[in-house]
Amino acid sequence: MKLSTKSRYGLRALFDMAYHAGTLPVQIKDISRRQAISPRYLEQIFQDLKKAGLLKSRRGPQGGYFLTKKPHEITVKDIVEAAEGEMALVDCTKKGRGGKAKCEFDNQCVTQKVWAEAGQRLNDYFASVTLKDLCDEGKNLGLEKELDHRFMYFI
């Protein structure tokens, strides 16, 4: 399984927001600069994250994007599912309409259970890691927090 750049960049961007601003608004250009992600691509990713209810935006000079929840309430699973949709390692374990698996060998294939179990363990792990956990890891790594220039006053 390989996660798309939407998931990976979405996670990096939301980590950046949580680490540098908490729940305050952050401008795309600042996230783009710090994370080396195209601002246009971030805008596309943020549309999915807004639809999932993880982000909101505010217009104006003090505007930008902000987290709708506290960092300890947003999991990696929330972000990956917002970017990718339903997470399944292989298509045969995805549920179709009516809750049935999308597999012609449903309940007749010995490997389907392996993939379903592996996918569940990955989902459980992603659900156990929050943005706060990533922020704590950033502090442990010694990542420098950037002060928001909008709130700095010079005398």
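Coordinate-derived values only; no laboratory data. None of these values were measured; they are calculated from a predicted model. In this analysis, Cβ positions are derived from the backbone assuming ideal geometry, glycine residues included, and neighbour counts consider all displayed protein chains.
Please list, in order along segment 66-75, the HN-Hα scalar couplings obtained from phi with the Karplus expression 6.51 cos²θ - 1.76 cosθ + 1.60 (θ = phi - 60°), rounded to whole Hz, x for Gly and Pro.
9, 6, 7, 10, 6, x, 6, 9, 10, 9
Highest GNM mean-square fluctuation, the chain, Cα pairs closer than 10 Å: which of 86, 144, 104?
Its mean-square fluctuation being the largest, the pick is 104.
How high is the relative contact order of the chain, given as a whole-number percent (alpha carbon pairs under 8 Å, six or more residues apart)?
Relative contact order of the chain: 27 percent.
Thinking of segment 37-100 as a set of Cα atoms, what percent of all their pairs are more than 19 Å apart? List each step's numbers first, then the result.
Numbers: 923 of 2016 pairs.
Here the tail beyond 19 Å accounts for 46 percent of pairs.
What pairs from 2/77; 2/56; 94/132; 69/94 go past 23 Å between their alpha carbons? Please list the in-between numbers first.
Working: 2/77 15 Å; 2/56 28 Å; 94/132 30 Å; 69/94 29 Å.
The pairs that break the limit, which is 23 Å between Cα atoms, are 2/56; 94/132; 69/94.
Please list 59-65, 6-12 highest first by mean number of surrounding beta-carbon atoms within 10 Å per residue. Don't skip to the end; give the middle numbers.
Numbers: 59-65: 12.6, 6-12: 20.6.
Packing proxy ranking, top to bottom: 6-12, 59-65.
Straight-line reach from residue 29: which aspartates and glutamates have a Cα under 15 Å away, not including same-chain ones fewer than 8 places off?
Result set, ordered by chain and number: 16, 43, 146, 148.
At a 10 angstrom cut-off on C-beta neighbours, averaged per residue, how do the peptides 29-40, 72-83 rank from highest to lowest? Please report the intermediate quantities before stating the final value.
Working: 29-40: 14.8, 72-83: 20.0.
Highest mean packing first, the order is 72-83, 29-40.
Between (1) 148; (2) 131; (3) 106, which matches volume of the Cα convex hull per residue in Å³ calculated for the structure shown?
It is the one labelled (2).
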